[in-house]
Amino acid sequence: MSTRPKAQPLLELKNLRRSFGGTKAVNGVSLTVYKGEILGIIGRSGAGKSTLIRCINGLEKPDSGSIFYKSRDSAGLTLEESRQMRRRIAMIFQQFNLLSSRTIIDNVALPLKLAGMSKIARRQKAAELLQTVGLGGKEQHYPAFLSGGQKQRVGIARALAAGPDILLSDEASSALDPETTQAILQLLREINRKMGVTIILITHEMEVIRAIADRLIVLDKGKIVEQGAVKDIFARPQAAATRALLQTIIPSLPPALAAQLRPQGHEAVIEFHLSGAAANTPFLQDLQRDTGAIARIIHGGMDTIQGERQGRFFLALNAGDKAKLAQALAWLAAKGDKSEVLGYV
């Protein structure tokens, strides 16, 4: 299945490199961002995420490689064209970066003031943006009187002030509690869908990716190790770095049971994943009907990723009848995305 969205490339990076001393923070990264998508870029600490995003918004100059914005090489732009490009790529930050001495409407209006917009026009625009992010009626409040989630909403409104094509989110939800995080992610999805703003999410949290991203790029040690549609990567992760990141949200075998696993035993313990049409079937009943084997679920459950059902289960199968067990294992391997015997109890 193709993972490419049906849209034109908006931003392209070609063989981008950036080093600090002997550390290759970004090491030959090539990627394409398509208009209207939500692209997640994930990696552990030190993977190169923040350096990459700073190269995109011009805060870092790559050592080599090219950045194309709307098919134009940024290296060939005039100074004024470079300024215009940076205005079209806005950013929201983890720590909000609001001016404490200004009201929130003045915080949002500041980029418009710097762009030369009249006071009346910029305050009207700022008020509209605050309404968009759910802060209508709080225009004269100061940042100190806002919650963390409200401050992030102000940051989003300020980022939208210049009418950007691309919104960069650098760990924008990591300082928030889970409930507020979900509200901010829902707001970003609404902005993407209603305003057509392309969003690039930089995060170390797979939960954020699962919530709103269309496509996922996994960075490890400055390189892209995996990319594709979120539902495909969640169902069938290929890179070790991806599998490690997914461990934070994918059900794992309870430690007490894992400690009991042996090379031989009465029951085989199997990790079984399935997705798509297979996830909408009564697979335990089908397994028994086709092979005569009776499996029980030890742990796991179903999830929905990008509208697709995905199941991750740990099953127990009687290991006394070796022929029937082999038939059942072959059936599971044919029906699922993953079927692995972890051991016996």
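The values are calculated or read from the model by the stated rules, or taken from the named source; none is laboratory data. Remember, predicted model here, so these are calculated numbers, not experimental data. Glycine also receives a Cβ, built like all others from the backbone with ideal geometry; neighbour counts cover every protein chain displayed.
At-a-glance table
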| item | result |
| --- | --- |
| Every residue from the stretch 308-345 that is small (G, A, S) and not in a loop (DSSP other than H, G, I, E, B) | G311, A316, A323, A326, A328, A330, A333, A334, S339, G343 |
| Test: residue in the stretch 113-124 that is more than 30 Å from R44 (Cβ to Cβ), charged (D, E, K, R), in the same structural domain as L39 (by the TED database) and buried (at least 19 other Cβ atoms within 10 Å of the Cβ) | yes |
| Qualifying position, being in a strand (DSSP E or B), out of contact with any Pro (no Cβ under 9 Å at 6 or more places or on another chain) and among the β-branched types (V, I, T), among I41, I53 | I41 |
| Flag if P62 is modelled with pLDDT of 90 or more and over 27 Å from the mean Cα position of the chain (by Cα) | no |
| Yes/no for I53 being in the same structural domain as L201 (by the TED database) and either of a type in the set (S, T, Y) or within 15 Å of K223 (Cβ to Cβ) (or both) | no |
| Count of residues meeting criterion [in a helix (DSSP H, G or I) and not small (G, A, S)] in the stretch 56-88 | 9 |
| Qualifying residue in the stretch 83-95 (condition: crowded, with 16+ Cβ neighbours inside 10 Å and free of Cβ contacts under 8 Å to residues at least 60 places away in the same chain) | yes |
| Candidates E226, E271 - the one that is modelled with pLDDT of 90 or more and over 16 Å from the mean Cα position of the chain (by Cα) | E271 |
| Which numbered condition A175 misses (of (1) touching a helix residue (DSSP H, G or I) at 6+ places or on another chain (Cβ under 8 Å); (2) surrounded by 20 or more Cβ atoms within 10 Å (Cβ to Cβ)) | (2) |
| Flag if E179 is free of Cβ contacts under 8 Å to residues at least 12 places away in the same chain, within 30 Å of S71 (Cα to Cα), assigned to a helix (DSSP H, G or I) and of a type outside the set (A, V, I, L, M, F, W, C) | no |
| One residue from G307, G300, G265, G320 being out of contact with any helix residue (DSSP H, G or I) (no Cβ under 9 Å at 6 or more places or on another chain), at pLDDT below 90 and not assigned by the TED database to the domain that holds I212 | G320 |
| Top-ranked residue of the stretch 133-156 - restricted to ones that are without any contact (Cβ under 8 Å) to a residue 60 or more places away in the chain and among the β-branched types (V, I, T), ranked as surrounded by the most Cβ atoms within 10 Å (Cβ to Cβ) | V154 |
| Some residue of the stretch 149-160 being under 27 Å from the mean Cα position of the chain (by Cα), part of a loop (DSSP other than H, G, I, E, B), of a type outside the set (S, T, N, Q) and closer than 19 Å to S100 by Cα | no |
| Some residue of the stretch 236-248 being of a type in the set (A, V, I, L, M), crowded, with 17+ Cβ neighbours inside 10 Å and not in a helix (DSSP H, G or I) | no |
| Matching residues, the stretch 89-123, being part of a helix (DSSP H, G or I) and among the β-branched types (V, I, T) | I104, I105, V108, I120 |
| The stretch 47-59 - residue that is of a type outside the set (S, T, N, Q) and at pLDDT 90 or above and, of those, nearest to the chain's Cα centre (by Cα) | K49 |
| Members of the stretch 197-212 that are at pLDDT 95 or above and part of a loop (DSSP other than H, G, I, E, B) | V197 |
